[in-house]
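The values are calculated or read from the model by the stated rules, or taken from the named source; none is laboratory data. If you're wondering where the values come from, they're calculated on a predicted model, not measured in any experiment. Ideal geometry is used to build each Cβ from the backbone, glycine not excepted, and the neighbour counts take in all protein chains shown.
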There are 2 protein chains.
Amino acid sequence: MNSFLDFLSEENMSMFTDLYELTMCASYFDNKKFEPATFDLFVRRLPENRSYLLVAGLEQVLLFLKSVKFTEKHLSYLKKQGFDNQFLNHLRNFKFTGDVWAVPEGTVAFPCEPLIRVTAPLIEAQLVETFLLNTVNLQTMIATKASRVVHAAKGKAIIEFGLRREHGIDAGMKVARCSYIAGCQGTSNVLAGMKYGIPVFGTMAHSFVMSFDREIDAFRAFAKTFPNKSTLLIDTYDDIAGAEKAATVAKELEKKGCKLGGVRLDSGDLAEISKKVRALLDEKGLRYVTIFASGDLDEYRIAELLSKGAKIDAFGVGTRMGTSADKPYIDVIYKLCETMNEKANFSPIMKLSEGKVTLPGRKQVFRFKDKKGNLAKDVIALADEKVKGEPLLVKVMENGKVTYNLPSLSEIRAAAQENLSKLPEKYKKLTEAPPYPVELSPALEDMIKKLKSKLTKTEILNSK
Amino acid sequence: MNSFLDFLSEENMSMFTDLYELTMCASYFDNKKFEPATFDLFVRRLPENRSYLLVAGLEQVLLFLKSVKFTEKHLSYLKKQGFDNQFLNHLRNFKFTGDVWAVPEGTVAFPCEPLIRVTAPLIEAQLVETFLLNTVNLQTMIATKASRVVHAAKGKAIIEFGLRREHGIDAGMKVARCSYIAGCQGTSNVLAGMKYGIPVFGTMAHSFVMSFDREIDAFRAFAKTFPNKSTLLIDTYDDIAGAEKAATVAKELEKKGCKLGGVRLDSGDLAEISKKVRALLDEKGLRYVTIFASGDLDEYRIAELLSKGAKIDAFGVGTRMGTSADKPYIDVIYKLCETMNEKANFSPIMKLSEGKVTLPGRKQVFRFKDKKGNLAKDVIALADEKVKGEPLLVKVMENGKVTYNLPSLSEIRAAAQENLSKLPEKYKKLTEAPPYPVELSPALEDMIKKLKSKLTKTEILNSK
């Protein structure tokens, strides 16, 4: 019982996989299928109310791909699961040697567009699936959600406050990272502050207030410790009574040449209460004291508060953003789109399962902008097609080596802000945004038609 | 860029906290508040459709509490955030020295019941809040959700299949752990299999089928590698055509003295298709070939499938269970319930915030059972009250030392099954289950009444 996080190591990430990746690879190995293949990672359809994706997670994907390996401990466990020695020997020397193209973090993207394209020997490309999906799902989901929250706040600051209800330790870190990419001003997560250099913010909890005999004693004690940057939580017993006491403490601070930072509201009708508290503070000459609000917030509630004229300067947004509570996953998948045939040529493939059809061939996404530089439409085309738009996928790995300069978190954040600023307002509506136009190139359409007809003949009609 | 998981270490968990825990503690330190206090961790209200909680996460909580500490690297970061040297010196020697009582993992519990009760010097008890909430939220949420899925399946096996869309690496591991506690038969997560000894299961993906020229070639190749335990995914092109080919391969296996394990359906109308596939297999004398189903399943869909007479032997349940998609958080909180007054006596406290009232004092939960041993009602009482029921909270730490024999995962799973079997059926309804009776003892009711009246006088009326 000495350790509870030891398994969360880079070394173990080869085993952070669905068993079927390994059973499939064992069968590829057994059947001598070592040829290369291409997989697309993409989002099949957007969650309700979302009209775009803000892509994130590539950095961790690349760090994983360049380091993935199997240790003797892993092989010994797999042997007990019934895998044979020859395959285990193959895994012993396993490394990822493929080529990877990807959409950079902070890019706005849309359904069906490949976000990561992996070309590698079948076993390598297959084995990395689960990690890639897990990483891109969490980070893109949160970056997208947080960008909606930031947009709803119309320039008022959003601080990510959800650590206590995010799904475990890795999620706590990644949510802080992706919320910051999406435009949040900071996080409450101290470890994320230390690891990523994200600004950290914190006020006080009700327990602090309750641990003193009187509320005003708690306020005075906190202001003594942080005379110029206290934010006092005023709703433990009664928010208006709390605001009166905060004002008293603010006046006491003024006498010492200091200034109260703000007050925080965490319950009740935040629109009404914030107006009353603002009036009370203003009346006492405390216009500089800001009002910070938290408590079950998300993009919908923030938009509603602002539309009701709430007097709130900044928002702490927790659980609903940090779990993407209205849709806690995105429909991200990783699908084979070409294999090598017996003549050593790549040949496109697709699946026809009901509602789960995929796009065949090695593809690129081309973006078209209007004269002002705003996003106009995207075209998914074959990678070797000549299309005028700006290609979104860039080469990030060649023969298993990272060929891409990983941008800093600030650079990713700046790219996200630039991308979002070029996305027309109508696509940022919180509900009922129109679909952004994503077209297939004629060559891709043609390939799909031919393949469908061929597969229907060979796989369906012939066996009936 | 060498490491992407280095920060997920036990050593760093002291910093896996909201900044306000540290600002509050700095002020407690500055104001010489070193007295002990008691906090309750509990769930304020149940998510929609849930009528009970299946408690999980205590093991990781205890391992954290016994190891939490600050390193020089942490202190140096905190110094840059403006914390003063005296407080940082205090943190340098920080360790958790408190007493902890808790409800064992695998226990069925209800809203407002303390699940963990921490009595420790204020700074210690406060600093550990975020980690405790994060851990109990994820694990109890998933154990509860998974227990509903298992119940809906009426004895048919559930395999946890959600790794690709669970929220990051830690969640992937904890979901496998808690689903297993809740009664799932296993997981697809290989690392969880290795770490926790949970049985691992895997079939094949569409990409395996697509990587061969013909579907039947893929089936034969897989059956060659796993002649007695293949489950063939039959819906890549057309499920009935796929079932025909699987039957052909099953017959080929029979000639070699082997048996096909099963077929898997992953799309379409699973009730209708499963009936057709069952009939097709039975007609060919393949009654022993099982039908495994997956694809957007949860407790509601499984109940619907079974009510429609689906011929499914086992279910792979992924995203919706692994993210608790219909409610991806529980309203778990950590609230101060007593502090020590100037006479060195513990005195009960509570908060009155709108909709967020807490229960004061050090408490115990007593469970009453009927003659058959089924759960009848719970009573939340003061810890030193004499109440007849069975106390749920047990002592797990004393003076910072773990005094509890951590049960094995199998023992926790067995306890969960025993607990769930004693919960009357009506509380397991997937929707509209009645609330389970949880009462407050007369002494606790009385304490609340007195405190409310006192707080209203001192904190609200006097300042108006």
* To do: Answer with yes or no whether B:A146 is over 19 Å from A:L8 (Cα atoms), at pLDDT 95 or above, surrounded by 24 or more Cβ atoms within 10 Å (Cβ to Cβ) and assigned by TED's automatic domain parsing to the domain that holds B:G57.
  => no
* Structure fact -> Scanning segment B:199-230 for residues that are among the β-branched types (V, I, T) and more than 7 Å from chain A (Cβ to nearest Cβ), the one surrounded by the most Cβ atoms within 10 Å (Cβ to Cβ) turns out to be B:V209
* Select, from B:L138, B:L191, B:L163, the only residue that is under 15 Å from B:L54 (Cα atoms), at the interface with another protein chain (Cβ under 7 Å from one of its Cβ atoms) and either out of contact with any strand residue (DSSP E or B) (no Cβ under 7 Å at 6 or more places or on another chain) or buried (at least 24 other Cβ atoms within 10 Å of the Cβ) (or both). => B:L138
* **Residues of segment A:1-37 classified as part of a helix (DSSP H, G or I) and more than 7 Å from every other protein chain (Cβ to nearest Cβ), total** => 7
* **Wholly enclosed helices (runs of 4 or more DSSP H) of segment B:53-126 bearing at least 3 residues free of Cβ contacts under 8 Å to residues at least 60 places away in the same chain and away from every other protein chain (no Cβ under 12 Å)** => B:85-92
* Could you please tell me which pairs satisfy a Cβ distance under 6 Å, a separation of 6+ or placement on different chains, a first residue in segment A:398-412 that is closer than 30 Å to A:G186 by Cβ and assigned by TED's automatic domain parsing to the domain that holds A:T38, and a second residue that is among the hydrophobic types (A, V, I, L, M, F, W, C) and part of a loop (DSSP other than H, G, I, E, B)? => A:L406/B:M1
* Asked: Do you know which of the residues in segment A:84-104 that are buried (at least 20 other Cβ atoms within 10 Å of the Cβ) and aromatic (F, W, Y) is nearest to A:L19 (Cα to Cα)?
  -> A:F87
* Only one residue in A:L440, A:L430, A:L451 is touching a helix residue (DSSP H, G or I) at 6+ places or on another chain (Cβ under 6 Å), touching a residue at least 12 places away in the same chain (Cβ under 8 Å), surrounded by 14 or more Cβ atoms within 10 Å (Cβ to Cβ) and not polar (S, T, N, Q), so which one is that? -> A:L430
* Qualifying strands (runs of 3 or more DSSP E) (wholly inside segment B:337-386; at least 3 residues being in contact (Cβ under 8 Å) with a residue 40 or more places away in the chain and closer than 28 Å to B:L423 by Cα) -> B:363-369, B:375-382
